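The values are calculated or read from the model by the stated rules, or taken from the named source; none is laboratory data. Remember, predicted model here, so these are calculated numbers, not experimental data. Here the Cβ positions follow ideal geometry from the backbone for every residue, glycine too, while neighbour counts run over all protein chains shown. Protein only, heavy atoms only, side chains kept; ligands, DNA and RNA dropped before computing areas. Shrake-Rupley method; radii C 1.70, N 1.55, O 1.52, S 1.80 Å.
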Amino acid sequence: NLPPADGLIKLLETISQGDYDGVGGLYWTKGEGGMPMIYGNPKEFPLSFKPILPIPDSIQPCNGIAMGFSIFKTEMFTSGKIERPFFKTCNDYAAGKIYTQDLYFCEKALKAGYRFAVDTRVKVGHLDYENDIVW
């Protein structure tokens, strides 16, 4: 991932406001027809991790963030509220649980009362080495 020079400062600025426990920069999946890696509208029920359209230049609440360029309050990992393991890739098709470590962690953290957002001001390039393209 290729974060902007001011990306970390912006994420720190956002998380220091206190509304969110984890904040990520905005980037897209690789390939044609890629999707924004900002998952689930927290105002919709039932809980979902469907990709949602980013709102330009905003702090956008969501249910899950990609972890390629993100920060978290350390309390999330030391409080004991989130069951271990923190990260795991799930491929349980029968149960409908198919996701990487990012959303596995976010689901557990949400259930423990933590909140996430994407700072869409922080636009992160997603490098595709094989095709020499930045998405």
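Reported count of residues in the stretch 23-62, each being of a type in the set (Asp, Glu) and in contact (Cβ under 8 Å) with a residue 60 or more places away in the chain, is 1. Quick check on the stretch 1-44: of everything there that is open to solvent by 90 Å² or more (accessible area, probe 1.4 Å) and assigned to a loop (DSSP other than H, G, I, E, B), which residue is nearest to Phe69 (Cα to Cα)? Ranking the candidates gives Ala5 first. Residue selection: Gly80 fails the criterion of being in contact with an Asp or Glu (Cβ under 9 Å, 6 or more places away or on another chain) and farther than 18 Å from Ile15 by Cβ. Of the residues in the stretch 71-87, at least one is closer than 23 Å to Val134 by Cα and in contact (Cβ under 8 Å) with a residue 24 or more places away in the chain. Tell me, please, whether a residue that is among the small types (Gly, Ala, Ser) and open to solvent by less than 80 Å² (accessible area, probe 1.4 Å) can be found in the stretch 76-83. There is at least one residue in the stretch 76-83 that is among the small types (Gly, Ala, Ser) and open to solvent by less than 80 Å² (accessible area, probe 1.4 Å).
Here Phe72 meets each of (1) open to solvent by less than 90 Å² (accessible area, probe 1.4 Å); (2) within 16 Å of Tyr104 (Cα to Cα); (3) touching a Phe, Trp or Tyr at 6+ places or on another chain (Cβ under 8 Å) with one exception, condition (3). Only residues that are closer than 19 Å to Gln60 by Cβ, out of contact with any Leu (no Cβ under 9 Å at 6 or more places or on another chain) and open to solvent by 40 Å² or more (accessible area, probe 1.4 Å) were counted in the stretch 99-131, giving 1. Counting residues in the stretch 126-133 that are more than 20 Å from Leu11 (Cα to Cα) and among the aromatic types (Phe, Trp, Tyr) gives one or more. Of all residues in the stretch 46-90, those that are within 21 Å of Pro4 (Cβ to Cβ) and touching a helix residue (DSSP H, G or I) at 6+ places or on another chain (Cβ under 9 Å) total 10.
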